Amino acid sequence: MSCDDVNESGCTQPCRRRFLVSTSSAVVALTLPIVGCGEHDVDTLGNDVELLLADYPELEEVGVTAFVDFDEVALPLAITRTDGDEFIVTGTECNHSGCGVSRSGGGFKCPCHGATFRLDGSLRKGPATEGLIAYDYEVVDGTMKIFAS
Ligand code: FES
C-alpha cells in the first residue's frame, strides 16, 4: 500500500513525514505521528441561524432535503420536511474523515468511504463512528431558527 491509499477499512493512510533537522553536531530525525482514522472533529454550528422557508421552495415537499450554507459552519446543513411544520435538521459532515454527505435512498451517504446515515442523522453503517449532528429548531411565521449545538 502506498502513501495516501485507502485500506480495507476505508481509512486513508496518510504519508509518513520525516523532517530532518540539522544542528551543528548532529542530525535529528523527527517523525510526525500518523493521524488516526475515524477521529475527525466535526465542525458544529457556533451561533443560532435563521432562514426564510419561502426562500427554499423545495422544502414545501415532504421528504425533500435542502442543503443550506451558513457562514457559521463549514458544510451546509441538511433540512428535510417530514410533515406539516415538522423538519429534521442535521449537519452534513461525516465524522470519519470530514467529507460532506449527500442524499441517498431514505437517508444520507458519504461519498468518500461509503458510510450511511438515516434521515435523522443517526449512523446506519460505518466506517464513520457517529451520526450526523442533529439540530433543534423552531418555525415562527415562516422563519426557521436553528439553534447552535
Ligand atoms: S469520510 Fe470516510 S466514510 Fe465519510
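Here region 49-146 has an Rg and Dmax of 13.0, 40 Å, counting Cα atoms alone. Ranking of Phe87, Phe108 by neighbouring Cβ atoms within 10 Å, starting from the fewest: Phe87, Phe108. Taking every Cα-Cα distance in region 38-95 and sorting them into 5 Å bins starting at zero, the pair-distance distribution P(r) comes out as 4, 19, 27, 22, 16, 9, 3, 1 percent. Of Val73, Val49, the sequence from fewest to most neighbouring Cβ atoms within 10 angstrom is Val49, Val73.
Could you work out the relative contact order of region 49-146? I mean the mean sequence separation of Cα pairs under 8 Å and 6+ apart, divided by the number of residues, in percent.
On the way: 199 pairs, mean separation 22.6, N = 98.
Relative contact order of region 49-146: 23 percent.
Couplings 3J(HN,Hα) of region 53-58, computed from phi: 4, 5, 6, 10, x, 5 Hz, in residue order, whole Hz [Karplus 6.51 cos²θ - 1.76 cosθ + 1.60, θ = phi - 60°; x for Gly and Pro]. With θ taken as phi - 60° and the Karplus curve 6.51 cos²θ - 1.76 cosθ + 1.60 applied, the whole-hertz 3J(HN,Hα) list for region 90-104 is 9, x, 10, 8, 6, 7, 5, 9, x, 6, x, 7, 10, 5, 7 Hz, x standing for glycine and proline. Amide hydrogen proximity for Ser104: with H placed 1.01 Å from N in the peptide plane, the residues at 5 or more positions away or on another chain lying under 5 Å are Lys109. 3J(HN,Hα) along region 126-131: x, x, 4, 10, 9, x Hz, from the Karplus curve 6.51 cos²θ - 1.76 cosθ + 1.60 with θ = phi - 60°, whole Hz, x for Gly and Pro.
None of the figures in this text is laboratory data; all of them are computed from the coordinates on show. Worth saying up front: this structure is predicted, and the values here are computed from it rather than measured. We place every Cβ from the backbone using ideal geometry, glycine too, and count neighbours over all the protein chains shown.
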